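First the structure, in the form of structure tokens, and then the observations on it.
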Amino acid sequence: MARSVRVRNLAKSLDISDTELLIWLAENAPAVIARHPADFLPADVAERAQQALGRAQPEAPAPEPVERRCAECMKLPAKGGLRVVEADADAVCDMCGSSANKRAALAMIGAFHARGLKRLLVVGGGPGTAEDLRHLLAGEVDIRIVDGEGHRNAAKADADLRWADVVAVWSSTILSHKVSKLYTDQRASFRDKLVTVPRRGVAALCTAVAEKVNAPAG
Ligand SMILES: [Zn+2]
């Protein structure tokens, strides 16, 4: 059975002031003499007040967007609006898809962005790795790849070196001495841009380049 309730208790439960409730009562339930917060209200009036003045329950908040990342990707900066949580070891990472190449590429892209760099020149590497690199860096880092066995003249090499922010000489891949020499002979002028990558694989290249970019100048 509904019970009468004091004005102040009802106001409190509605999260409004006693005065607000008394004003509402004066306007909407003039038959009820309630002038003081300690006055009692009949149950039916209390119920009407509750329906009229009760705040609508806030809608359940949308689930917070969560990005599950592998342990390695936890080190990368978070994107706006996403809460980053560490994924279980056997789960696929939202960031890199649990691909070591993608992970290394993302770290390298991050290093380029952090320093406002845009252009990477890769000297050497086979056709497969070139395609992988272009795919991984698409839209993020401009890449120019010099075929390790192709023909390049000094003028072209010079233009490449000037164009690039970072020059990776991929010494472990098919890379003729004639080609690499074009890029490393000018080491004195472009020393700050050059990094030699002694290991094979896209991940190794990206990691070496990121380390180079992240290393303090000098
Ligand atoms: Zn990952």
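Once the GluC sites (Glu not before Pro) in DSSP loops with at most 13 neighbouring Cβ atoms within 10 Å are cut out of the chain, the longest remaining piece is 60-148.
Our coupling estimate for region 166-171, obtained by passing each phi through the Karplus curve with A = 6.51, B = -1.76, C = 1.60 and θ = phi - 60°, is 9, 10, 9, 9, 8, 6 Hz, Gly and Pro reported as x. Structure remark: mean-square fluctuation, Gaussian network model of the chain, C-alpha springs under 10 Å; the largest value among 63, 37, 127 belongs to 37. The GNM of the chain, with springs linking C-alpha atoms under 10 angstrom apart, assigns the highest mean-square fluctuation among 88, 158, 44 to 44. Extension gain for residue 85 to residue 134 (0.36 nm times residue separation, less C-alpha to C-alpha distance): 14.7 nm.
Within region 5-53, the percentage of alpha carbon pairs spaced more than 17 angstrom apart rounds to 12%. Electrostatic tally near residue 107: other residues with Cβ closer than 9 Å to its Cβ, Lys and Arg +1, Asp and Glu -1, net +1. Here the simple spin-label model places points 7 Å from the Cα toward Cβ, and for residue 31 and residue 162 these points are separated by 9.5 nm.
Distance between the pseudo-spin-label points of residue 12 and residue 178 (7 Å out from Cα toward the beta carbon): 9.3 nm. Amide H to amide H, with H built 1.01 Å from N, residue 196 comes under 5 Å of 169, counting only residues 5 or more places away or on other chains. In order along region 193-202, phi translates into HN-Hα couplings of 8, 7, 9, 9, 10, x, 10, 7, x, 4 Hz, rounded to whole numbers, per the Karplus curve 6.51 cos²θ - 1.76 cosθ + 1.60 with θ = phi - 60° and x for Gly and Pro.
Taken together, the values in this text are just the output of simple stated rules run on the coordinates, not laboratory data. On a predicted model such as this, the values are computed, not experimentally measured, just so you know. Note: ideal-geometry Cβ built from the backbone for every residue, glycine included; neighbour counts use all protein chains shown.
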